[in-house]
Structure formats: structure tokens, C-alpha cells
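J.: First, the structure itself, so that you have it in front of you.
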């Protein structure tokens, strides 16, 4: 057994049975080992950002890591943006990066790079295997890191000679660690703050699953505390039959006025909110002076247990909180607008759909409009690095083949990783991609003003618009093997959406705004 075979066997022993890959020469022995060691589903991406974004979507829907396979430092670099998003989402990934054979490195051939330095900013753990014998043990350690309750990225660098050399040993897998219980004194401090009044519970990450949301809402109902989330959450379980949670609208500075009346901000699996960017003459901190910040639970803690303990201490019951009722709006007609499209999506969304949302500016009305749709999961852009949506939807569809995935996608950011459409076609994935074709980086027009740079002139406008030439998304989709349709009226959109939802395999709708 060579090192590559021991790696595949260790992945399988550790429950990592899906690999999103874009391999090169250095990874050919791993690729070959997949034929000899059955059990790993290998999903090819035509660009490394597809691979890393899909692994993020896979973890968000399964709470278990997939592997990625990337080619040397440049291949890793191509996948960095969506690894950044995955790290911000606390998604566990076993990120395998091939390297040159050890004896070849000193020659400084054209693809030689410092892979460890490239990997560190987007990884929680980095290791390069030293021998074929150590590969299995290194892989087992990587799996343990990726499987941690917090969800972490473990980058395992696999030199080519450790892959092809005999002497591989399958690694010993350790059971995943349980989430850490929250100390009683922390619960007691939070309970006391809630009893004082004027508090907000800010809930994020795994706190946005159905059970912890219901507990947080019960606490809010009992104490008068406001319960909110931020519009960059990794996964929210929402819709009819579940308790709704409010979302702080963008721009995030909108929360500052609300917090100015709050005595306490209580973080539940969430960080202290700050502005995305620094702006001239404006404060980047959102929590005002006089509002204290308490942390009930951090990522990796027992979020549900902590909320349950607070609820029990206060006598708050989830049975006292009404779940969201099913609300299907009438199908709109006539002129196509974002608000009408939001209504149509809410009217047509199937039960247990998964929504991958990278709508950017176009999507601000979509979230509230779908609150009463059938139960579904909503995945958002966590790290701000655009080009996440189509790969994220791809990984979610691989993870949940029996569920319909709907990707709400801005056109500018969609161009970063449109190769994921090809993967959707190859894997026959049930993804409907809705492209908001406003043919501009609309958010940047607002940012030009926000940073004090003034209105866009001729040169600035040319840097912000993508309408000359206009991007033909239906033709691009066809070239990737995905059928598509263009919608300029609500009747056309509704017809296309019904068609996309009724078939097996991917479909794309270009919504011309």
C-alpha cells in the first residue's frame, strides 16, 4: 500500500467519503488510488474556487467535512477566496494540496511555491507529510481538526513521493469531540442581564438551526429581549412550522441605532458586529458605548444546551412562541421587478428547499418575502469574498440529492465561478440558478459614495458597469451543459421557474433587470 492509498483509506475510515477535486501532475497517484480503493465520490470542478466553495456548501448541509484536492501552491491560491468564506462559516474541510517530490523542491522548478505560507491564512491546521508511512496518521489528525465542533479547515500537504512510495499505514481515527458545555456562571450572568431588561440576543452560525432559534425566541418572549441575526449566516433553518428570526438589514450600521437603546448585547455563537469596511470620518465599531457585550456561547460550544439552560432559569417555554405560518403569495404578473420575483419564489418554493443566496444588492427583499414559504434552509455569503453562490449551491446539492437547491445569484459575482455550472450538469444536480442581470457592480456604486469618493464619472462608471458587452447568461449556461431561459416579464419568470423546478438536473434563469 502506498501513501496515496493509505490516505484514501484513512479518509473513508474517518467518514470523509466525498472529494471535490481539481488535480494536477503531483496528485495523479491519489487520483489513481481512487480507482483501487472504492468508496469516495470524487466531484470534478473546472476551477479551484468551485472545489473549495462546493466543500463549504457540503459541510453546511451535512455538518461533516468533505475533502478537496488542489494542485500545488497556484491551485491552492485559486481556491483561497472560497476557503476564506468557508473559514468564516466555520465549515470543516480536509483540504489536500499536492506538492513536488521532496528531492525535487531544491531545483525551484516553475510551479514551486511556499504552500504552507499560502495555506495558513485560510487554515486552522497545516501539515506537510514527511513520508509515506506518516500520511495516514497525518490524514487522521486532519480529519479530527475538520470534525471539531467549531468546524475548521485542515490543510494537508501531500508531497508526490510520499504518495507513490510504498509503506503507507491507515491512520487511527478518533471520535469527534463533543461541543463544550457553557459554564453555569456564564448562564447565570446572562440570565441576570436579561432580567434587567433592554437586551438583544444576537444569534449566529449553528445557533440558527430550528431548535436554538425557538429557544432564543422563547427567551425573548419571556424577557422582552430582541432576538436578531446578521445577514451573513452560514445556514438558517426557517419557513413555515419554524420560529422566525429577524435579520439586521444591510448596511450593518443600521444596528447601531437599535443598540443605542440596549443595555446588553448577548452573543450566541456570533462575533461582535463591526462594519465591513472603514469609512472616512465614521466609526467602524457598531456597539455603542454604554452597551455591554456578554458572550453566552462561542462557536464549538453547546449552543442549544446553553440556550436551554437560560430558558429553564427564566421559565421560558418554546410552546409559548408561535411558529411561522405557511403563507403563499399570489403569483404576480406584468412588469418584472425584484419585489415581484421575491413573491413568485415564495409562491413556488418546494418544501425542504435549500437557498444559496449571493444576491448582493438585488436580494434584500428576498429574505423577508420568503419567511412564510415551506420549511427550507437559507445559506448566505459569510466572508464577503464574492464568487461563492454557484459553488455553494453545487456542494449543497451533492450533500442533499433529494432536495431542491435554488441559487439566487448576482451576475457580477457569478462570473467569478460560473464553471460550477458544468459540475452541476455533469453530476445531474437539482439546482435552479436565478441570475440577477442588472449588468453592473451595483453595490460598488453605493460604496463609491460611502467612502467619500463622490459620484461615478465616465472612467469610474466604466469600472463599475458590465453591460458593454452585455453578458449572455443563457448562452454561457448552454455552453456548460445547462439549459436556461431569459425572463423579462413576470409571466416569463414564473414559467421558467416552474420549468426549472419540475425537472431533474440543473436549470438557469437570467432575470433581466
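J.: Among the candidates 391, 401, single out the residue that is under 26 Å from residue 50 (Cβ atoms), outside any strand (DSSP E or B) and free of Cβ contacts under 8 Å to residues at least 40 places away in the same chain.
T.: 401
J.: Can you tell me which of (1) surrounded by 19 or more Cβ atoms within 10 Å (Cβ to Cβ); (2) in contact (Cβ under 8 Å) with a residue 60 or more places away in the chain; (3) closer than 25 Å to residue 28 by Cβ is the one residue 123 doesn't meet?
T.: (2)
J.: Let me ask something else. For segment 266-305, enumerate the residues that are modelled with pLDDT under 95, under 24 Å from the mean Cα position of the chain (by Cα) and either within 18 Å of residue 196 (Cα to Cα) or not in a loop (DSSP other than H, G, I, E, B) (or both).
T.: Listed by number, the list holds a single entry, 274.
J.: Filter segment 113-153 for residues that are part of a loop (DSSP other than H, G, I, E, B) and either at pLDDT 95 or above or in contact with a helix residue (DSSP H, G or I) (Cβ under 6 Å, 6 or more places away or on another chain) (or both) and give the result.
T.: Within segment 113-153, 113, 114, 123, 124, 129, 130, 131, 147, 148, 149, 151, 152 meet the criteria.
J.: Based on this model, can you work out whether residue 500 counts as modelled with pLDDT of 95 or more and on the phi > 0 side of the Ramachandran plot?
T.: no
J.: Conditions: (1) more than 23 Å from the chain's Cα centre (by Cα); (2) assigned to a strand (DSSP E or B). Residue 475 meets all but one. Number of the miss?
T.: Result: residue 475 fails condition (2) only.
Conditions (1) touching a residue at least 24 places away in the same chain (Cβ under 8 Å); (2) more than 27 Å from residue 63 (Cα to Cα), marked per residue:
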| residue | (1), (2) |
| --- | --- |
| 232 | yes, no |
| 235 | yes, no |
| 240 | yes, no |
| 246 | no, no |
| 261 | yes, yes |
| 301 | yes, no |
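J.: Turning to a different aspect of this structure: Does residue 329 qualify as being farther than 30 Å from residue 178 by Cα and touching a residue at least 60 places away in the same chain (Cβ under 8 Å)?
T.: It is false that residue 329 is farther than 30 Å from residue 178 by Cα and touching a residue at least 60 places away in the same chain (Cβ under 8 Å).
J.: To continue, here is another question. Enumerate the pairs (first residue in segment 369-385 and in the same structural domain as residue 208 (by TED's automatic domain parsing) and in contact (Cβ under 8 Å) with a residue 24 or more places away in the chain; second residue anywhere and crowded, with 18+ Cβ neighbours inside 10 Å and assigned to a strand (DSSP E or B)) with beta-carbon separation below 7 Å, excluding pairs fewer than 6 apart on the same chain, so at least 6 apart or on different chains.
T.: If the second residue must be crowded, with 18+ Cβ neighbours inside 10 Å and assigned to a strand (DSSP E or B), no pairs are left.
J.: Which of (1) surrounded by fewer than 15 Cβ atoms within 10 Å (Cβ to Cβ); (2) more than 30 Å from residue 392 (Cβ to Cβ); (3) in contact (Cβ under 8 Å) with a residue 24 or more places away in the chain is the odd one out, the single condition residue 225 does not satisfy?
T.: (1) is the only condition that residue 225 fails.
J.: Related question: Going through 221, 163 one at a time, which residue ends up being closer than 25 Å to residue 16 by Cα and either in the same structural domain as residue 103 (by TED's automatic domain parsing) or at pLDDT 95 or above (or both)?
T.: After applying the criteria, what remains is 163.
J.: Could you please find all residues in segment 160-188 being buried (at least 16 other Cβ atoms within 10 Å of the Cβ) and either in contact with a strand residue (DSSP E or B) (Cβ under 9 Å, 6 or more places away or on another chain) or assigned to a helix (DSSP H, G or I) (or both)?
T.: 160, 161, 162, 163, 164, 165, 168, 179, 182, 186, 187
J.: Next question. How many residues are within 30 Å of residue 462 (Cβ to Cβ) and either not assigned by TED's automatic domain parsing to the domain that holds residue 468 or not in a loop (DSSP other than H, G, I, E, B) (or both) if we restrict to segment 404-421?
T.: The total comes to 10.
The values are calculated or read from the model by the stated rules, or taken from the named source; none is laboratory data. Note that the structure is a prediction, hence the values are computed from the model and not measured. Methodologically, a virtual Cβ is constructed for each residue, glycine included, from the backbone with ideal geometry; neighbour enumeration extends over all protein chains shown.
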